[in-house]
Amino acid sequence: MNKFLFLGLIVFSVIAFSSYKIMAQMRENENMNKENAKILVAYYSYSGNTKEVAEAIHEKVGGDLFEIKTEGSYPEEYRPMTMQAQKEIRDGYRPKLTSKVADMAQYDVIFLGSPNWWGTITPQVSSFLESYDLSGKKVVPFITHGGGGAQNTIADMTKQCKGCEVLSDGWVGYGSRTMGISGWLKDLGFGK
């Protein structure tokens, strides 16, 4: 009986070690693909917070930086601005883009940033998602907020991004704080 137990432990150890080596090789291959990936960091920023985060990500991963710009504007006062944003979101408003990515097909990975407005992504980011064919691309969300956390932002981005893979472990941060971005990128295989 002890002989079978001993043999079983040896077989189990060999299988476990082989599985570990296979998983390590898969992670290494995935990281190599990320190192060779063509990257776009796209974002919409109303107050400048999401822009600061986008620039911090761009500094770490490289690639191209793109600001999503649209027609229309918001009142300068906070309360009227938030009420307009709430109405736009409720009505499914999609503002017309005034800036365009010249060749979206060239990108493999898109870091996509949005403020959390009323628990979801902004109409500008929704317009961006509807304006491009992102099939087969990896979309990595980054969300800024004023205290609401992620709420439905990543889930809504996933629903609106047709044919692409949206990573569920996006970066979520308060205001323009960029603490934790380096570790998050490293965990995703983009850091050094």
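Per residue, the accessible area of the stretch 66-192 comes to 51 Å², computed with a 1.4 Å probe over protein heavy atoms only.
Simple spin-label estimate for Gln86 and Gln106 gives 4.3 nm between the two label positions (7 Å along the Cα-to-Cβ direction from each Cα).
Measuring between alpha carbons in the structure, the pairs from Lys38/Lys60; Lys51/Lys137; Lys137/Lys159; Lys38/Lys137 lying more than 18 angstrom apart are Lys51/Lys137.
The alpha carbon centroids of the stretch 150-182 and the stretch 72-92 are separated by 22 Å. Residues whose amide H comes within less than 5 Å of that of Trp117, counting only those at least five positions distant or on another chain, are Thr122 (H built at 1.01 Å from N in the peptide plane).
By the rule of a C-alpha distance below 16 Å, with chain neighbours fewer than 8 residues away ignored, the aspartates and glutamates paired with Lys186 are Glu28, Glu30, Glu35, Glu59, Asp169. Taking Lys and Arg as +1 and Asp and Glu as -1, the other residues whose beta-carbon sits under 14 Å from that of Tyr74 total -1.
Summary of packing: across the peptides 153-160, 37-44, 55-62, 78-85, the per-residue average of other C-beta atoms within 10 Å ranks them, highest first, as 37-44, 153-160, 55-62, 78-85. Taking amide H as placed 1.01 Å from N in the peptide plane, the amide H of Leu65 sits under 5 Å from that of Val41, each at least 5 places away or on another chain. With all pairs of separate Cα atoms included, the stretch 114-192 yields a Kirkwood hydrodynamic radius of 13.0 Å. Enclosing the Cα atoms of the stretch 46-192 in their convex hull gives a volume equal to 105 cubic angstrom per residue.
Residues in the stretch 39-49 carry Karplus couplings, in order, of 10, 10, 10, 10, 7, 10, 9, 7, 9, x, 5 Hz; the curve used is 6.51 cos²θ - 1.76 cosθ + 1.60 with θ = phi - 60°, and Gly or Pro positions show x.
The values are calculated or read from the model by the stated rules, or taken from the named source; none is laboratory data. Just so you know, these numbers come straight off a predicted model, no measurement behind them. So basically every Cβ, Gly included, is an ideal-geometry build from the backbone, and we count neighbours across all protein chains shown. Side chains included, ligands, DNA and RNA excluded: accessible areas come from the protein's heavy atoms. Shrake-Rupley method; radii C 1.70, N 1.55, O 1.52, S 1.80 Å.
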